[in-house]
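Since the structure comes first, as structure tokens, the remarks are kept for the end.
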Amino acid sequence: MPTAVAGETPLTLYVDKREIVTLMTLGQAPEALAIGYLRNQRLLQSIEEIAAVQVDWETDSVVVTTRKAGSGETRARARAMTDRMKKRTVTTGCGQGTVFGDLMEEIDKIKLRDDVRLSEATLYALMEQVRHHETIYKSAGAVHGCVLATNEDGASRILSFVEDVGRHNAVDAIAGQMWLEDIDGSDKIFYTPGRLTSEMVIKAAQMSIPFLLSRSGLTQMGHAIAQKIGITMLGRA
């Protein structure tokens, strides 16, 4: 009997002809994945820095071209990227994810809204939508599906759903979609099926998202960072 199998493809990311990383991906949203990776690694500071994104599946590559505002600015951006990439942290992400730069260096600069709340009814509404959502996981397994959702009065709508072979890729793709569609994360909910580690909490914070949910557990460092920056984090959801 035929069995569905999840795809997995290498996608090498280049920025201005410079090779950054090769991501193993399902390939659902390669442009958003590339942009979100650069965002969450803090290698670019805003979507305005990007001039073009080109995906070529014949060479399994995605090329991000940045805006050349001036030779001095271009050199400064290249130096900043080089400095950040000198330090790498191998994280607990699927497939041993890598974070460039100091994992904690910008945490104190992140300010989240403190005037938003998540009701029990909204939580249940979101989990019910996630449960019924059609997924690759249901047919093939071997993938993680992450969700960005609204936080309404007793209700929730899925704004973005991305599956990938690694949950960190799914998170990055949603981060890229948020930049592309100019979505404000300051009152949103993020759901992941994977464990809530320090990396996941930091990425949520960088996306300005105050509510982080998972059907899995959480780590001590993830919990400590969430407390420090004011993220409401729910494990075993």
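Please give the length that would be gained between Q45 and R215 if that part of the chain were fully extended, namely 0.36 nm times their separation in residues minus their C-alpha to C-alpha distance (nm, one decimal).
58.1 nm
Please list the non-local residues whose amide H lies under 5 Å from the amide H of I50, H modeled 1.01 Å from N, same-chain partners needing a gap of 5 or more.
Residues meeting the criterion, in which the H sits 1.01 Å from N, are R67.
Between V21 and residues 5 or more places away or on another chain, which pairs have amide H atoms under 5 Å apart, with H built 1.01 Å from N, and which residues are they?
Amide H neighbours of V21: L13.
For L159, enumerate residues with amide H under 5 Å from its amide H, sequence gap 5+ or separate chain, H modeled in the peptide plane.
Long-range HN contacts for L159: L148, A149, T150.
Which residues in the stretch 17-46 have a backbone N closer than 12 Å to a point placed 7 Å from the Cα of K68 along the Cα-to-Cβ line?
Correct set: 17.
Over all directions, the average projected area of the alpha-carbon convex hull for the stretch 124-237 comes to how many nm²?
6.5
Can you flag which of K17/K228; K68/K228; K17/K203 are past 28 Å Cα-Cα?
As for pairs spanning more than 28 Å Cα to Cα, those are K17/K228; K68/K228.
Output wanted: per-residue J couplings in Hz (rounded whole) for the stretch 123-132, from phi through Karplus 6.51 cos²θ - 1.76 cosθ + 1.60, θ = phi - 60°, x for Gly and Pro.
Residue by residue, the stretch 123-132 yields 4, 5, 4, 5, 5, 5, 5, 4, 4, 9 Hz.
Values quoted throughout were computed directly from the atomic coordinates according to the rules given, and no laboratory measurement underlies them. For clarity, every value in this text was computed on a predicted model and none was experimentally measured. For neighbour counting, all protein chains shown are included, and Cβ atoms are generated from backbone atoms with ideal geometry for every residue, glycine included.
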